[in-house]
Every structure is written in C-alpha cells, then in structure tokens.
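Scroll down for the structure; my scribbles are underneath it.
The values are calculated or read from the model by the stated rules, or taken from the named source; none is laboratory data. All figures in this text were calculated on a predicted structure; none of them were measured in a lab. Here the Cβ is made from the backbone with ideal geometry for all residues, glycine too, and neighbour counts use every protein chain on show. SASA here: full protein model, heavy atoms, side chains in, ligands and nucleic acids out. Shrake-Rupley method; radii C 1.70, N 1.55, O 1.52, S 1.80 Å.
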Amino acid sequence: MVLDEQPEFVYGDGDGTVNMLSLLALESLWSNEKNQTLKVIKIPGVSHTLILKNDAALEEIIGEISGINSIAEYYVGYRIK
C-alpha cells in the first residue's frame with residue numbers, strides 16, 4: 001500500500017497518554033468480572049505521566065489505596081476472630 005500523502009494524527013479525548021476510548025473499553029470489559037473491582041478516578045488537569053508528581057493527584061490516589069486497605073484489614077480481622 002502506497003499513500004499519496006503523509007497520514008494525519010487525530011488525537012481523541014484523553015490525557016495525552018491514555019485515550020478515553022481505551023479507558024471506557026477497559027471499564028466495559030471489567031464491569032462483569034467477579035471479585036475484580038475497577039474504579040476509575042478522573043483527576044482534571046493532570047496528565048497520565050505527571051500524576052505521581054502532582055500533590056492533589058497523589059492525595060487522591062493515597063486516599064483510594066488507604067480506603068481499600070481499611071476494608072481489607074476489616075475483613076481479615078473479621079475472619080480471624
């Protein structure tokens with residue numbers, strides 16, 4: 001196949017690294033998986049590559065992980081008792 005002109009890049013909605021269509025596809029694929037929860041957190045104004053350097057984004061991520069750990073600790077403690 002020979003192209004008459006240079007292809008044009010068309011960027012979709014997303015953060016410049018992960019396209020929104022890819023993210024939505026992942027959510028759709030995981031929506032019915034048992035024991036596999038996927039939670040998408042949108043952090044406006046922060047790119048995918050800079051998310052671990054942004055204080056507000058880090059607080060959001062740490063908060064989510066802490067919440068998951070708290071739930072896990074509750075269930076582990078509940079099973080031991």
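Here are a few things to note about the model shown:
- Screening the candidates G16, G12 for the property of being touching a residue at least 12 places away in the same chain (Cβ under 8 Å), not in a helix (DSSP H, G or I) and not basic (K, R) yields one hit, G16.
- Among the residues making up region 17-58, those that are closer than 25 Å to A72 by Cβ and polar (S, T, N, Q) are S31, N32, N35, Q36, T37.
- Qualifying positions in region 22-81 - outside any helix (DSSP H, G or I) and among the hydroxyl-bearing types (S, T, Y): S31, T37, S47, T49
- Residues of region 1-20 satisfying the condition of being surrounded by 10 or more Cβ atoms within 10 Å (Cβ to Cβ) and among the aliphatic types (A, V, I, L, M): V18, M20
- Residue in region 55-78 that is open to solvent by 80 Å² or more (accessible area, probe 1.4 Å), in contact with a helix residue (DSSP H, G or I) (Cβ under 7 Å, 6 or more places away or on another chain), without any contact (Cβ under 8 Å) to a residue 60 or more places away in the chain and not aromatic (F, W, Y) present: no
- Checked against (1) modelled with pLDDT under 85; (2) open to solvent by 100 Å² or more (accessible area, probe 1.4 Å); (3) over 14 Å from the mean Cα position of the chain (by Cα), K42 passes all but a single condition, namely (3).
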